[in-house]
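Read through the structure below, which is laid out as structure tokens, and then see the notes.
Any read-out appearing in this document is the output of simple, stated calculations on the displayed coordinates, not a laboratory observation. Remember, it's a predicted structure, so these values are computed and weren't measured experimentally. FYI the Cβ positions are ideal-geometry reconstructions off the backbone, even for glycines, and counts take in every protein chain you see.
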Amino acid sequence: MMTSFRELGEKLKNILILERDPVAIKWSLREPKNIEKEKEKSRFCTKLGKAMQGETFYATSEEEECMGGLRHSGLKDPKEFPKNMQSGSFLVPGGVHKNIPAVQRSWKNNLAVEPEIFQAILFAPLKEAEFEPDVIFLVCNSQQAMLILHANAYDSGSHGLGADSGPICSSMAATPYLIGEVTYGFGDIGSRRNMEINEDEVMVSIPASDLERIINNLEEMKTKTFFKDVL
């Protein structure tokens, strides 16, 4: 019998001694009836921060204030954005890219969920989630991230995907959702500021279908020579 995701959330936090709660993310075709709607607009990355701090809620396009969050989570068709948003010119004055061609080249590599299929996205601390998540998002230190990557490879030989400078709504949410691979990265300048991420912390996202396997592998690995001192 499969262990519940709430139990898996407790196990993952305990075995890795995580300071922050892993976050459960789920794309939903309909607005859920048993979860409260976010009360105000916020950025996708801020929503992840809220869930790490214990909040459970769902959000629609009306509660998303960031163009990247709307675009990459699939809550709004980017063709509906103003031209400066579609071109990415708004990123140039802030120093994210030198010019519009650089923005456009970067965006070609940013995966996004197909627009306007889903009406809502659910967020919760994994240990409190009463829904089956699609992606598990973590903020951790580099050793904890290494252990997750080793646990993923332990029985599969799989390599994780390294995220780049793209926004985490793409690299750490849409990408693991669409590709189905463990993804790790450093976040981007906006998300690290909005989430108050410490300078020594990194990010890891795990497709929910891989979570129990990875936790079981971590528990087995801690009996092995190389990992006795770190697990």
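Would you mind putting 48-55, 96-103 in packing order, based on average other-beta-carbon counts within 10 Å, highest first?
48-55, 96-103
Test of understanding: what is the full-extension gain from residue 159 to residue 228, defined as 0.36 nm times their sequence separation minus their Cα-Cα distance?
Roughly 22.6 nm would be gained on extension.
Using helices alone, what [θ] at 222 nm do you get for the chain, with -39,500 (n - 2.57) per DSSP H run of 4 or more residues, divided over all residues and rounded to the nearest 500?
-9500 deg cm²/dmol
Would you mind checking region 43-65 for residues with the amide N under 18 Å from a putative spin-label position 7 Å along Cα→C-beta of residue 128?
46-59
Dipole size in debye (nearest 20) for region 130-231 around its Cα centre, Lys and Arg Cβ +1, Asp and Glu Cβ -1?
Result for region 130-231 is approximately 240 debye, rounded to the nearest 20.
Dimensions of the chain along principal axes (Cα, Å, largest first)?
Per principal axis, max minus min of the Cα coordinates gives 56, 42, 29 Å.
Going by how many other Cβ atoms sit within 10 Å of their own, how do 223, 3, 175 line up, fewest first?
Fewest to most other Cβ atoms nearby, the residues stand as 223, 3, 175.
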